[in-house]
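Chemist: Input: one structure, supplied below.
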Amino acid sequence: MRGLNVLIKKEVKELIRDPKILLGTILAPLIMFPAMGLLMNVAMRTAIEKGIMERITLTMIALDKGTYTDMLKKYLINNGVELIEIPEKEIDIAINKSVEVGATALIVVPEGFSTNIDLGKRANLKVYSILNSISLAESAKQSRVSALLEGFSKELSMMLIERGMPERDPEVVLRPLVSNYISILRGKRIEAPPQLLSSLMTSQYMMPWLVFIVLISAAHLSATSMAMEKEEKTLEVLMTLPVSRFTILLSKLAGPSIVALLASLSSIAGFKIYTDLMTFGDFMIFGAEIGDVSVKVNIPTEPSTMYLLYTMIGITFFLSIMATLALALALSVFTQDVRSAQELVGNVLVPLMIIPNMLLMFTEPEILPLPVRVFIYATPFSYPTLILKHAIYQEVPMIVLPGIIYLCLFTLIVLYFTAKLFSTERVITARITLFRRRSRRGVE
């Protein structure tokens, strides 16, 4: 393996010196993800705060003159609403006036509203929401109207319960049953409702995309490394050096893998900053707290299981990256320049990466038809997602050990055929001419 370190350093330097790789693959995620997150954070926070904190105006047609209509008016005014009564009974005229005064909604209180409540019947309101646009600010303002009316309904219920059942606690009457959920997840007891676990599990939807970023970065870098040599006519010189061709092959795998690791870390770090910037604090609306509720869910596990899980994740990622590098390197042998290498890798490997990971994003392989299951397990790019999905459950899936063996065999087979190509002159002369022939025919 004489000269391997020198060749690896050469590969890394050449890749990083390429502005497209340095800027587009390594630096861009660290710049673009935080920039997008910051811009969206500012825009969304401004829109939401404006919709929530800004005083809203409501218009009302009060066809009912009873006690409960007066209570509704007083409730709205006490909660910071600018209430404008419209004497006209014609809805179209009232809507036009509501638009003129900039009202968020028009509330119509029908005749018999108070009488129905006194008789123990359900009372109805008609609300005409006035939208200036479809935006977060408008949505926040309309949510405030809904929250106000729900608040008044609850206050009305509490008052009626106190009046009809003075010895009862109104809160207990409104909510006589409280259920304490304990979820059993794969034999483990978790003191949390299943809905909360389902919301926590949505984080696994991002895992296939993170895997895709890592693998596609490795594939493009490996293909680019070989294609640059062929495009710049330096591969012939490299073959004349006093090092074995297998050493050259290893350097072509090791160099891009180092740069791919940097690119992957950059993408993951940039995405982490993006998600942090997109996390909003809580907002208070009329005493009701809205926003994200942070609930810590502990899934019991053994420390030895976690160590094994982390080890399996590392091994699976490493072998998947090696399989990707080997495949991309083998494909790039049949191209003559960087552009054709990236196109070939994109047309062949990207679908094989996206399809199984998209399937795993929404379902488990066990419930899929047998041909689809075979396709997922036969694709070397599926295994990182498979183990990451089970990492949420803090358990090592049974398929991982056979998968690691399969990845080793797959990578060795691809490397064997790639080494065979490197041992002949076909590594310089081989090319896929199908697309070139078609383009020439189109020109003719």
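Chemist: Just to check your reading of the model, which residue among ILE61, ILE31 is outside the structural domain of ALA105 (by TED's automatic domain parsing), at pLDDT 80 or above and aliphatic (A, V, I, L, M)?
Modeler: Values: ILE61 fails: outside the structural domain of ALA105 (by TED's automatic domain parsing).
Unique residue meeting the criteria: ILE31.
Chemist: Evaluate the following for GLU100: is it closer than 21 Å to SER153 by Cβ, of a type in the set (Asp, Glu) and out of contact with any strand residue (DSSP E or B) (no Cβ under 9 Å at 6 or more places or on another chain)?
Modeler: On the way: closer than 21 Å to SER153 by Cβ: no; of a type in the set (Asp, Glu): yes; out of contact with any strand residue (DSSP E or B) (no Cβ under 9 Å at 6 or more places or on another chain): yes.
Judged against the criteria, GLU100 is not a match.
Chemist: So, one more: Mind listing whichever residues of the range 405-444 are in a helix (DSSP H, G or I), modelled with pLDDT of 65 or more and either farther than 24 Å from LEU331 by Cβ or out of contact with any helix residue (DSSP H, G or I) (no Cβ under 8 Å at 6 or more places or on another chain) (or both)? Step through it out loud before you land on a result.
Modeler: At the first step, the residues of the range 405-444 found to be in a helix (DSSP H, G or I) are 405-422, 426-429, 434-443.
Restricting the remaining residues to those that are modelled with pLDDT of 65 or more gives 405-422, 426-429.
Residues satisfying the conditions are ILE405, LEU409, LEU412, ILE413, TYR416, LYS420, ARG426, THR429.
Chemist: If you check VAL237, VAL214, which single one turns out to be among the β-branched types (Val, Ile, Thr), part of a helix (DSSP H, G or I) and surrounded by 21 or more Cβ atoms within 10 Å (Cβ to Cβ)? Break it down into steps so the answer makes sense when it comes.
Modeler: Working: VAL237 fails: surrounded by 21 or more Cβ atoms within 10 Å (Cβ to Cβ).
Checking each option against the conditions leaves just VAL214.
Chemist: What about GLU366, is it within 24 Å of the chain's Cα centre (by Cα), part of a helix (DSSP H, G or I) and acidic (Asp, Glu)? Even if it seems obvious, please write down each step before you answer.
Modeler: Working: within 24 Å of the chain's Cα centre (by Cα): yes; part of a helix (DSSP H, G or I): yes; acidic (Asp, Glu): yes.
It is true that GLU366 is within 24 Å of the chain's Cα centre (by Cα), part of a helix (DSSP H, G or I) and acidic (Asp, Glu).
Chemist: Given the criteria surrounded by 12 or more Cβ atoms within 10 Å (Cβ to Cβ) and charged (D, E, K, R), does ASP92 qualify? Can you show your working first?
Modeler: Numbers: surrounded by 12 or more Cβ atoms within 10 Å (Cβ to Cβ): no; charged (D, E, K, R): yes.
The answer is no for ASP92.
Chemist: Modelled with pLDDT under 75, in a helix (DSSP H, G or I) and of a type outside the set (Gly, Ala, Ser): is that true of GLN195 in this structure? First the steps, then the outcome.
Modeler: Values: modelled with pLDDT under 75: yes; in a helix (DSSP H, G or I): yes; of a type outside the set (Gly, Ala, Ser): yes.
Criteria met by GLN195.
Chemist: Another one. Collect the residues in the range 111-122 that are at pLDDT 90 or above and surrounded by 15 or more Cβ atoms within 10 Å (Cβ to Cβ), keeping them in residue-number order.
Modeler: Hits for the range 111-122 are GLY112, PHE113, SER114.
Chemist: Can you confirm whether LYS296 is out of contact with any Asp or Glu (no Cβ under 9 Å at 6 or more places or on another chain), charged (D, E, K, R), at pLDDT below 70 and assigned to a loop (DSSP other than H, G, I, E, B)?
Modeler: Values: out of contact with any Asp or Glu (no Cβ under 9 Å at 6 or more places or on another chain): yes; charged (D, E, K, R): yes; at pLDDT below 70: yes; assigned to a loop (DSSP other than H, G, I, E, B): yes.
Judged against the criteria, LYS296 is a match.
Chemist: Moving on. Among the numbered criteria (1) assigned to a helix (DSSP H, G or I); (2) modelled with pLDDT of 80 or more; (3) within 22 Å of ARG245 (Cβ to Cβ), which one does LEU386 miss?
Modeler: In the conditions (1) assigned to a helix (DSSP H, G or I); (2) modelled with pLDDT of 80 or more; (3) within 22 Å of ARG245 (Cβ to Cβ), LEU386 misses (3) alone.
Chemist: Mind listing just one residue for me: the one in the range 152-167 that is over 15 Å from SER114 (Cα atoms), aliphatic (A, V, I, L, M) and assigned to a helix (DSSP H, G or I) and, of those, modelled with the highest pLDDT?
Modeler: MET158
Chemist: Which residue is modelled with the highest pLDDT, if the candidates are limited to the range 132-151 and must be of a type in the set (Ser, Thr, Tyr) and part of a helix (DSSP H, G or I)?
Modeler: SER146
Chemist: Follow-up question, since we're still on this one. How many of the residues in the range 372-383 are part of a helix (DSSP H, G or I) and either in contact with a helix residue (DSSP H, G or I) (Cβ under 9 Å, 6 or more places away or on another chain) or in contact (Cβ under 8 Å) with a residue 40 or more places away in the chain (or both)? Break it down stepwise before answering.
Modeler: Narrowing the range 372-383 to residues part of a helix (DSSP H, G or I): 372-378, 383.
This time we only want the ones that are either in contact with a helix residue (DSSP H, G or I) (Cβ under 9 Å, 6 or more places away or on another chain) or in contact (Cβ under 8 Å) with a residue 40 or more places away in the chain (or both), so: 372-373, 375-378, 383.
Adding up the residues that qualify gives 7.
The values are calculated or read from the model by the stated rules, or taken from the named source; none is laboratory data. Just so it is clear, the model here is predicted, and its values are computed rather than measured. Neighbour counts run over all protein chains shown; Cβ positions are idealised from the backbone, glycine included.
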